Amino acid sequence: MFRVLVRPLALIAAIAMALALAACEETTGDYVEVTGGGFLFNYRIAEATYGLVATARRTVPPGTRFVAAFENPADPLPDGPPLPVELISREGQKRFAINSPPVKNVIADRAYAVTLTLFTPEGAVIETHETTYRSKIGSEVLPDKPLAIGPGYAKNPELKE
């Protein structure tokens with residue numbers, strides 16, 4: 001008789017645990033937190049970009065617009081306009097990676113500002129996050145012309161041997 005009771009009790013315990021874990025999700029506070037990001041220098045194509053990664057702290061409604069405003073190293077703040085990039089969330093998405101367009105004139109050890117704003121599909125602001133990123137190297141490490149071109153990284157014919 002003990003064996004007969006073990007299976008239903010295990011099933012009940014598993015269901016109770018699943019319900020408890022489901023109840024652990026936060027229902028208040030920020031939807032996301034900025035958990036990563038930084039600069040990426042690709043010497044093969046002579047290009048630098050930077051980006052950020054945000055991770056959901058609670059369920060992000062599908063259709064939420066993520067707008068990242070990256071400081072432009074070629075035309076820095078406060079006078080230069082930022083480089084905006086938009087991403088729209090999907091159902092169940094937990095990580096959100098947003099990269100800047102290619103940037104020039106990155107200066108080593110200088111802080112570059114990024115503002116991430118979340119909007120409802122209707123356009124109302126949900127929350128805003130501000131952060132900065134620094135590069136340990138500057139744009140001077142990149143070649144003047146790409147070393148490779150095309151999807152197969154073919155050698156750039158403009159370069160001399």
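What to note about this one:
- With respect to the conditions (1) assigned to a strand (DSSP E or B); (2) at pLDDT below 95, Thr28 lacks only one, and its number is (1).
- Remark: pairs (first residue in the stretch 42-53, surrounded by fewer than 18 Cβ atoms within 10 Å (Cβ to Cβ); second residue of a type in the set (Lys, Arg) and assigned to a strand (DSSP E or B); Cβ separation under 8 Å; 6+ apart in sequence or on different chains) = Val53/Arg95.
- Enumeration of residues in the stretch 96-118 that are of a type outside the set (Ser, Thr, Tyr) and assigned to a strand (DSSP E or B): Phe96, Ala97, Ile98, Asn99, Val103, Ala111, Ala113, Val114, Leu116, Leu118
- Thr132 vs. criteria hydroxyl-bearing (Ser, Thr, Tyr), over 21 Å from Thr28 (Cβ atoms) and exposed (fewer than 12 other Cβ atoms within 10 Å of the Cβ): yes
- Filtered residues of the stretch 75-96 (kept if touching a residue at least 12 places away in the same chain (Cβ under 8 Å) and surrounded by 12 or more Cβ atoms within 10 Å (Cβ to Cβ)): Pro76, Leu77, Pro82, Leu83, Pro84, Val85, Leu87, Ile88, Ser89, Gln93, Lys94, Phe96
- Which numbered condition Gln93 misses (of (1) assigned to a loop (DSSP other than H, G, I, E, B); (2) of a type outside the set (Gly, Ala, Ser); (3) under 22 Å from Phe41 (Cβ atoms)): (3)
The values are calculated or read from the model by the stated rules, or taken from the named source; none is laboratory data. A quick note: this is a predicted structure, and the numbers were derived from the prediction, not measured. Neighbour counts are summed over all protein chains in view; Cβ atoms, including those assigned to glycine, are modelled from backbone coordinates with ideal geometry.
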